[in-house]
Amino acid sequence: MIHPNTSDKIAKIWLWLSALSIILVLLSILGYVFIMGAGSLSVSFILDMPTNNWREGGILPAIIGSLLVVIIALSFATPIGVGAAIYLTEFTKEGRLTKTVRIAADSLNAIPSIVFGLFGLAFFVFYLKDYTGGPSLLSAGLTLGFMILPTIIRTSDVAMRTVSFSEKMESYGLGATKLQTIKNIVLPEAFPGIITGIILGMGRAIGETAPIIFMVSLNPVIPKTIFGSGNTLTTQLYYLAMEGISMDVAFGTALTLITIILILNYSARKMNNYFSRNLRR
Amino acid sequence: MGKRLNLENTIRGILLLFSTAALVILAIIVVFLFKEGLMLFQHTSVTDFLFGHKWIPAENIYGAFPFIVSTILVTLGALLISVPLGISCAVFLVEISPRWARELVRPAIELLAGIPSIIYGVFALIIVVDVLRVPFNLATGETILAASIILAIMILPIIISISQDSIDSVPRIYREGSYAMGATDWQTISKVVVPSARRGIIAGVILGCGRAIGETMAVVLVIGNVEKLPLSLLDSGETLTSAILLEMGEAVIGSLHYNALFCLGIIPFLIVLVLSMLSSRLITKRVSRFE
């Protein structure tokens, strides 16, 4: 029988080690990508066209492609997601509708990304071919928009729920209408939370591969319209690594991608802190 | 006044429409996934599909059993690693971590959750696969174990954050009662805190499990992609998701092969849906019990 004090010590060492291992894993992944990618990353890597079929040169088409799909995804998911959250918090009571929407959003959030890929292929690429241009950046962007919708609904919903009840009542007490109260009290106060949700959705959209993998083409050309096909950082990274085309370009791309994600995460946190400090005053 | 009320009603209508969007999208996904997938069963029986050992698209033979077994093995392997590690880490953060360590570990977990799956895949393809090859004396490190390891890392943030919330909400008085009886920290953690938080911990593990089943990119790069029945964690395999990814390019639209790949997608879709509902039930029940 081990003495309770001894087992207490052993257990605590184990708990410390488990936390330490998380940090080590993170550092080794980030460190590895930085070390391997730093050699290829440069201004011209980001701004130049690829040459020799992605083996050399830059990755400009993939950057533009990523940018376009994220913009499309956000312009679909932001108004609908924020609008849904306004309705759920301001226009209805807790009940069957709010519960159903929450379950639907959670389910949507849990759907495997490759299933979104299958769905996007059947729905946007084939069923709505005449409107989306088939395997286009628009199809890819809308598929991602469907995917990040739950993130935006849930974060906006939470943000609006924390708006102070008394301030809303004061607004009504001054004779403001529901729309005026939403515009002047609810939206400004929930703004930091909403923005954080949008940035989170953006990070998710830019980092996803499987939902759009069936809709991209590897032609190293700058996409001219959103109805044409294109390529993104993630899908390009997949092909470079899977086919073993060029590990140098692959790691340069990985580093670009991870840098974007880190910046997004960092600004989401900063913005949240900044706004919540200023609003509390 | 009447005009204003009109405007409010119009906006209310539009917002109501938006609020049902998640539900509508879920419905469209179900319709399209099942419409394409279920066509397979006009040709292959459900039992042949679920339990057939051979997958030969050229001969229209579609048995998904090897993919199902690979998926189960990969997920079990990932849980085996991440559950003990994740729960320990959550316990550490809530119960014994000093402030400075918490402020280091929490952002690390957030970052880990934000790293795109394809980057995990590339990392695993180069590092994990190589690390495994030597000690196990394998011809190739591209095995189920390699996929399990990288999936374990990917689902750690989910398991940690949900267990942590649940451990955090265990009333302080439980702990104080335990200390008053002369229990050590560890006795309190293992006999009082973790058992009281078990619902939330299980919910986190279930969500992590769902994520592991549905993950594609990190798995496809390291699992070897061999369409045969894997017998151990050191065999190569091919999961449901990686099969879809690899074969969709060759499948002719509307062909039986195309339908079969959608059918492969239905399996993780249904499993993950059930798991997600199960875990949210566990979490809401816990909340209402404490309120």
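Okay, here's what the table says:
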quantity: Alpha-carbon Rg with Dmax, taken over the protein assembly as shown, Å; calculated: 24.7, 81
quantity: Global geometry of the range B:135-291, whether rounded, prolate or oblate, following the gyration tensor of its Cα atoms and the 1.5 cut on a/c; calculated: oblate
quantity: Reach of B:K191 by Cα under 20 Å, taken over aspartates and glutamates that are not fewer than 8 positions away in the same chain; calculated: A:D8, B:E95, B:D165, B:D168, B:E176
quantity: Dipole of the range A:197-281, positive direction: furthest Cα of A:N272, A:P220, A:I260, with charges on the beta-carbon; calculated: A:N272
quantity: Between the range B:141-186 and the range B:104-133, the alpha-carbon center distance in angstrom; calculated: 20 Å
quantity: Protein accessible area in chain B, 1.4 Å probe - carbon and sulfur %; calculated: 66 percent
quantity: Gap separating the Cα centres of the range A:39-86 and the range B:224-266, nearest whole Å; calculated: 29 Å
quantity: Over the range B:2-42: Kirkwood hydrodynamic radius from C-alpha pairwise inverse distances, Å; calculated: 12.6 Å
quantity: At least 30 Å along the helix axis (C-alpha) and Kyte average at least 0.5, DSSP helices within chain A; calculated: A:4-38, A:60-86, A:137-161
quantity: Total lysine pairs under 18 Å (Cα atoms) in the range A:44-280, excluding pairs fewer than 8 apart on one chain; calculated: 4
quantity: Relative contact order of the range B:47-290, pairs being alpha-carbon contacts under 8 Å that are 6 or more residues apart, as %; calculated: 27 percent
quantity: Long-range amide H partners of B:I61 with built H, under 5 Å; calculated: B:I56
quantity: Percent carbon-and-sulfur accessible area, the range A:139-281, ignoring ligands, DNA and RNA, probe 1.4 Å; calculated: 62 percent
quantity: 222 nm mean residue ellipticity, helices alone, for the protein assembly as shown (DSSP H n ≥ 4; -39,500 (n - 2.57); rounded to 500); calculated: -22500 deg cm²/dmol
quantity: Accessible area in square angstrom per residue, the range A:26-182, 1.4 angstrom probe; calculated: 40 Å²
quantity: Protein accessible surface hidden between B and A, which excludes ligands and nucleic acids, total in Å², probe 1.4 Å; calculated: 6800 Å²
quantity: Relative contact order, percent, the range A:44-280 [alpha-carbon distance under 8 Å, six or more residues apart]; calculated: 28 percent
quantity: Cα-based convex hull, the range A:1-125, per residue volume (Å³, whole number); calculated: 284 Å³
quantity: Relative contact order (%) - criterion: Cα under 8 Å, at least six apart; region: the range A:183-262; calculated: 23 percent
quantity: Kyte-Doolittle mean at least -1.0, axial Cα span of 27 Å or more - DSSP H helices of chain B; calculated: B:65-91, B:144-168, B:256-290
quantity: Whole-number accessible area per residue in Å² for the range B:47-290, which is evaluated in the context of all protein chains at 1.4 Å; calculated: 40 Å²
quantity: Nearby lysines by direct alpha-carbon distance to B:K54 (threshold 20 angstrom, same-chain neighbours under 8 apart not counted); calculated: B:K228
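The values are calculated or read from the model by the stated rules, or taken from the named source; none is laboratory data. The model shown is predicted, which means the values in this text are computed figures rather than measured ones. FYI the Cβ positions are ideal-geometry reconstructions off the backbone, even for glycines, and counts take in every protein chain you see. For the accessible areas, the whole protein counts, side chains as well, though only heavy atoms, and no ligand, DNA or RNA atoms are used. Shrake-Rupley method; radii C 1.70, N 1.55, O 1.52, S 1.80 Å.
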